[in-house]
């Protein structure tokens, strides 16, 4: 064609031509298990006067679309190392069962869970980081060693941060923030970090176990409601040690 227009993300630009060879080798081997792709088309620029073919104009359009936002964070920038081989999707137990259309965006699977929130905003895809079992298979097979499970956990943290947090990392941050949930987890942390409160909680939990509700939301749709034991492990251990001492 007389005009060649290439559109690509800013993370696809490599500094030297020699860097293309190992990238192509990694891509094809990780995606299809073959040594080289079917073809590689290289265009260096517009057709020169002495050349017989080639475009008369060459335009390269570089897209940011949230990529520089990811690059600004030392951990999240590792997302941009992706070469789009698809190895993570081939090994993801979630993706292999629900398919690509479930994700509703261009990139599905594990890589879609960590790159799409930067492109469209975390508020638009708040469930993407949670659509994972964190089994770690995606991180193990990634040819460029992107720590996908760690980044998923990081995005889950950004998802529940207060929207007015002074440290704004990405668009849509805090889309799943809940004051009630934050209060409950702060109380839980306080309870488990204070020996006195922990002992009092254990004392009343074992004695008031009959008051435990039988319906605790979605958990009890497929599970039995959790119920405190009649005796705590600490009480049983103390009793066992006392008996050992008497012997």
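If you check 32, 62 for being touching a strand residue (DSSP E or B) at 6+ places or on another chain (Cβ under 9 Å) and surrounded by 10 or more Cβ atoms within 10 Å (Cβ to Cβ), only one passes: 62.
Residues of the stretch 28-39 include at least one that is over 20 Å from residue 142 (Cα atoms) and either at pLDDT 95 or above or not assigned by TED's automatic domain parsing to the domain that holds residue 107 (or both).
Looking across the stretch 26-48, the residues that are within 23 Å of residue 111 (Cβ to Cβ) and either under 26 Å from the mean Cα position of the chain (by Cα) or touching a residue at least 12 places away in the same chain (Cβ under 8 Å) (or both) come down to 26, 27, 28, 29, 30, 31, 32, 33, 36, 37, 40. Run residue 217 past the list (1) surrounded by fewer than 11 Cβ atoms within 10 Å (Cβ to Cβ); (2) at negative phi and report the number of the one that doesn't hold. Condition not satisfied by residue 217: (2). Residues in the stretch 182-191: is at least one surrounded by 12 or more Cβ atoms within 10 Å (Cβ to Cβ), touching a helix residue (DSSP H, G or I) at 6+ places or on another chain (Cβ under 7 Å) and either at pLDDT below 90 or part of a helix (DSSP H, G or I) (or both)? Checked the stretch 182-191: at least one residue is surrounded by 12 or more Cβ atoms within 10 Å (Cβ to Cβ), touching a helix residue (DSSP H, G or I) at 6+ places or on another chain (Cβ under 7 Å) and either at pLDDT below 90 or part of a helix (DSSP H, G or I) (or both).
To keep it simple, each residue is scored yes or no on (1) surrounded by 18 or more Cβ atoms within 10 Å (Cβ to Cβ); (2) within 26 Å of residue 37 (Cβ to Cβ); (3) under 18 Å from the mean Cα position of the chain (by Cα).
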position: 50; (1), (2), (3): no, no, no
position: 58; (1), (2), (3): no, yes, no
position: 66; (1), (2), (3): yes, no, yes
position: 71; (1), (2), (3): no, no, yes
position: 82; (1), (2), (3): yes, yes, yes
position: 89; (1), (2), (3): yes, yes, yes
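Scanning the stretch 154-170 turns up one or more residues that are at pLDDT 95 or above, within 25 Å of residue 8 (Cα to Cα) and either buried (at least 21 other Cβ atoms within 10 Å of the Cβ) or not assigned by TED's automatic domain parsing to the domain that holds residue 42 (or both).
The values are calculated or read from the model by the stated rules, or taken from the named source; none is laboratory data. Only a predicted model underlies this, so the values are computations on that prediction, with no experimental measurement involved. All Cβ positions, glycine included, derive from the backbone under ideal geometry; neighbour counts span all protein chains shown.
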